[in-house]
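Remarks on the structure that follows.
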Amino acid sequence: MFKKTSTKWILAIASAMLLSGGVFAQNKPNVVILATGGTIAGAGADVTNSASYQSAKVPVDKLIIGLPELAKVANVRGEQVFQVGSESLRNDNLLTLGKRISALVKQDDVDGIVITHGTDTTEETAYFLNLVIKTEKPIVVVASMRPGTAMSADGPLNLYSAITVAGSKDARGKGTFVVLNDEIHSGRDVSKMINVRPNAFASPWGALGMVVEGKNYWFRKLDKRHTTNSEFDIDKIDTLPLVEIAYAGGNVNDTAYRAFANAGAKAIIHAGPGNGSVAATLVPVLQELRGKGLQIIRSSHVNAGGFVLRNGEQPDDKYDWIVAHDLNPQKARILATVALTATNDSKELQRIFMEY
Ligand code: ASP
């Protein structure tokens, strides 16, 4: 009788624990947080400072301790990879981060990765990882628009959501994600649209899904090549070439283009208006630079995301130029940088721009 009652109690307590998020380490996914800085690790002088504060101040262990809810949904541990504002991240940082992720996802005791990051270049890092990490395991880049010290800070919920996505089986094989404001975006598509308010990110073709109270709701899949289906592999990349972005509006001149060429750029992303349009005075300059071996990649800086058509606004076949199609200039820089590690053939580069 006693034995029967105690067994019942043990079972009741165990199921209550599981339902409330569980305390059994073996039932929870193992998620590693790689911290790089940004506003999600930021601190301001006052609770009213939602836009003026210092980013990259709070260490990852403090972020984890400050959010005990994380331990209910995953076994979480953190590594401080960098502690910077993401506007200061460089190609070397991308390599360091990518190689660390690649090593971690090969471990059986790691189910998913979360990267805490500044919002300024979240879209670049997430796209880079989408191209070069060979894994089905979820890789989630998370950021926040307000520091943890501000009223209505968005970092804690964003981090909680990122951890639950990174630990979910249904998030596997979908490429890298950016999670903010309850939305799950593809690292390929997402872009920062405004520098204030929590719903600052959007994808031109829509988010992949939503994460609400730790549950994922999926709406679409990324059709472009990524992660396990990508021809690029971080383990085989040791240096990244210089690719520069030249912004072109009205009254544009050739100073930046020539300076980038002289500085050794292997490709120039022409961030043009509209259909990646090129001013008449620039056309011969870009032809000349192409003749010297630089790759010329036409992209668009229109706000909602461009759609640059090959031979649409310029005869790209004739000039041997490349179009970035729907990639914004900063994403085009990432793809060109990665692609140039494999080929300098303009036709191959154009294929890559259409496939990724
Ligand atoms: N400048 C910051 C950064 O990108 C902005 C942010 O995180 O929101 O690190």
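What the table shows:
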quantity	calculated
Selection of chymotrypsin sites (Phe, Trp or Tyr not before Pro), region 198-302, meeting DSSP coil and at most 11 other Cβ within 10 Å	Phe219
Relative exposure of Lys99, Lys236, Lys331, judged by other C-beta atoms within 10 Å (fewest first)	Lys236, Lys99, Lys331
Nonlocal amide H pairs with Leu208, under 5 Å, H built at 1.01 Å	Ile184, His185, Ser186
Along the chain, longest interval not containing exposed GluC sites (Glu not before Pro), exposed being DSSP loop plus at most 15 other Cβ atoms within 10 Å	232-356
Among 314-322, 138-146, the order from most to least packed when residues are scored by Cβ within 10 Å on average	138-146, 314-322
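Any read-out appearing in this document is the output of simple, stated calculations on the displayed coordinates, not a laboratory observation. This structure is a prediction, so every number in the text was calculated from the model and none was measured. Backbone-built Cβ (ideal geometry, glycine too); neighbour counts: all protein chains shown.
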